[in-house]
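Worksheet for the structure shown next.
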Amino acid sequence: MNFSGTVKSRLPHAGTSIFATMSGLANEVGAINLSQGFPDFPISNELVGLVNKYMLKGFNQYAPMPGVLALREAIAEKAFNTFGINYDPQSEINITAGATEAIFCVITAMIHPGDEAIIIEPAYDSYAPAVQLSGGVVRYSSLQVPDYTINWPEVTSLINSHTKMIMINTPHNPTGSVLSAEDMRDLDRITRNTNIVVMSDEVYEHLIFDGIRHESACYYPELAARSFVIGSFGKTFHTTGWKTGFIMAPAILMAEVRKVHQFVVFASNTPIQHAVAEYLKNKENYLQLPAFYQQKRDLFASLIKDSRFKIVPSYGTYFQLLNYSAISDEKEMDFAVRITREYGVASVPVSPFYHNKQDNHTLRFCFAKTEETLVKAAEILCGI
């Protein structure tokens with residue numbers, strides 16, 4: 001059927017996400033898919049059993065709009081035990097249909113037409129569209145290559161009377177870099193005594209390596225008082241398809257987010273929330289994750305150390321950047337497509353994470369895979 005009217009797009013420059021594009025290509029040509037960030041190994045049988053348990057117990061109807069109280073209480077307890085911070089599970093924690101919904105609700109609740117938001121690139125691709133849909137203006141700062149550190153003088157120079165939000169992400173997707181205590185103190189300093197709020201995307205909080213402490217906004221009281229801290233059980237428990245995330249924020253900020261959340265999804269998956277609440281009682285279910293994923297990072301790095309790719313250190317997430325400057329001068333997208341088609345390994349170019357498609361001849365590979373998958377992929381990469 002044909003629509004005869006005129007459609008004026010609110011996101012005229014938005015296309016299909018790079019994740020869908022590269023995963024689709026991998027499926028088309030039968031390539032090993034190290035592009036989209038999802039594990040290819042089984043999740044916990046215990047967690048699956050808990051979901052089934054709560055389904056059979058009849059927890060299959062709408063959850064409360066802010067989320068199942070038992071899960072909010074478990075998150076509050078975990079935050080206190082980890083960061084020493086008190087969040088009220090009634091008014092300061094909200095369960096969402098994944099972290100992307102959380103990001104959208106936070107931005108939509110806070111950004112009014114004409115407000116400015118600072119995004120530090122390369123950045124997850126949902127940040128900017130949400131700002132634009134709210135009538136906001138995006139100001140961009142870039143991480144400093146090759147270490148992917150924040151240029152705080154540049155960020156500071158972008159702040160003006162219209163600045164409403166600064167977005168940070170640690171551990172960082174797509175680079176695998178992490179923010180330091182000094183970074184968080186700089187952010188605290190430049191936002192203190194302002195009306196600027198912080199969106200702290202911490203979905204990879206438990207995927208951090210080499211004994212480094214995850215520098216959550218929660219550790220810094222003045223910063224926490226103006227921050228939305230976003231987490232993801234999909235990332236933490238390898239259940240990306242379950243789309244279960246959460247937000248922690250002061251009550252006055254959370255009240256505004258809930259006004260949006262209720263009209264986006266109203267509530268998230270009920271039996272999964274009950275299951276995760278019970279699963280969180282055993283701290284080892286998340287405390288063992290740094291060692292689990294570091295072993296995969298180290299294995300992948302050891303397997304490709306003799307390749308022509310240059311390894312960019314990954315300190316967190318389940319992503320490894322590889323620079324291919326010694327192999328080709330092709331643009332990232334062209335090279336990523338070519339090695340997917342010709343060699344059978346799919347990755348994600350980093351350039352789509354920049355608004356201006358900045359090209360550093362670097363690709364992102366996901367190592368949240370079985371040993372067999374990583375060995376096969378590395379063998380191919382070493383032959384390029």
Among N269, N151, N45, which one moves the most in a GNM of the chain with springs linking Cα atoms closer than 10 Å?
N45
For labels at K53 and D306 in the simple 7 Å Cα→Cβ model, what's the distance in nm?
4.8
Quickly work out the Q262-to-S91 label distance, labels modelled 7 Å from Cα along the C-beta direction, and quote it in nm with one decimal.
1.6
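What is the magnitude of the charge dipole of the stretch 60-285 about its Cα centre, with +1 placed on the Cβ of each Lys and Arg, -1 on the Cβ of each Asp and Glu, and no other charges, expressed in debye to the nearest 20?
Computed charge dipole of the stretch 60-285: roughly 480 debye.
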For the chain, list the DSSP H helices whose alpha carbon atoms reach 18 Å or more along the long axis and whose average Kyte-Doolittle value is 0.5 or above?
251-264
Just to be sure I follow the definition: excluding the sites themselves, where is the longest run in the chain that has none of the chymotrypsin sites (Phe, Trp or Tyr not before Pro) in a DSSP loop with at most 13 other Cβ atoms within 10 Å?
63-265
Rounded to the nearest Å, what's the spacing between the alpha carbon centres of the stretch 50-78 and the stretch 321-368? Just the number, please.
40
In angstroms, what radius of gyration and Dmax does the chain have, counting Cα atoms only?
20.7, 60
From a point 7 Å beyond the Cα of I212 in the direction of its Cβ, which residues of the stretch 139-161 have a backbone N at a distance under 17 Å?
143-152
What nm distance separates the two modelled labels at T16 and N160, each placed 7 Å from Cα along Cα→Cβ?
3.8
Among T108, T194, T21, the residue with the largest mean-square fluctuation in a Gaussian network model of the chain built from Cα contacts under 10 Å is T194
Mind checking which of T96, N356, A63 is farthest towards the positive end of the chain's charge dipole, using Cβ charges of +1 (Lys, Arg) and -1 (Asp, Glu) about the Cα centre?
A63
Counting only DSSP beta bridges with both residues in the chain, tell me the antiparallel percent, nearest 5.
50
FRET efficiency for I252 and W152, Cβ-Cβ distance as r, R0 = 41 Å, nearest 0.05?
0.90
For D40, project a label point 7 Å along Cα to C-beta. Then give me every residue of the stretch 152-177 with its amide nitrogen under 18 Å of that point.
none
Report, in debye and to the nearest 20, how large the dipole of the chain comes out about its Cα centre when Lys and Arg carry +1 and Asp and Glu carry -1 on their Cβ.
660
Net charge of neighbours whose Cβ lies under 12 Å from the Cβ of F41, counting Lys and Arg as +1 and Asp and Glu as -1
-1
Mind checking the alpha-carbon convex hull of the stretch 1-118 and giving the volume per residue in Å³?
277
Report, please, the projected area of the stretch 60-285 averaged over directions, based on the convex hull of its C-alpha atoms, in nm².
11.6
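No value in this document is a laboratory result; all are computed from the given coordinates. Please read these numbers as outputs of a predicted model, since none were measured by experiment. In this analysis, Cβ positions are derived from the backbone assuming ideal geometry, glycine residues included, and neighbour counts consider all displayed protein chains.
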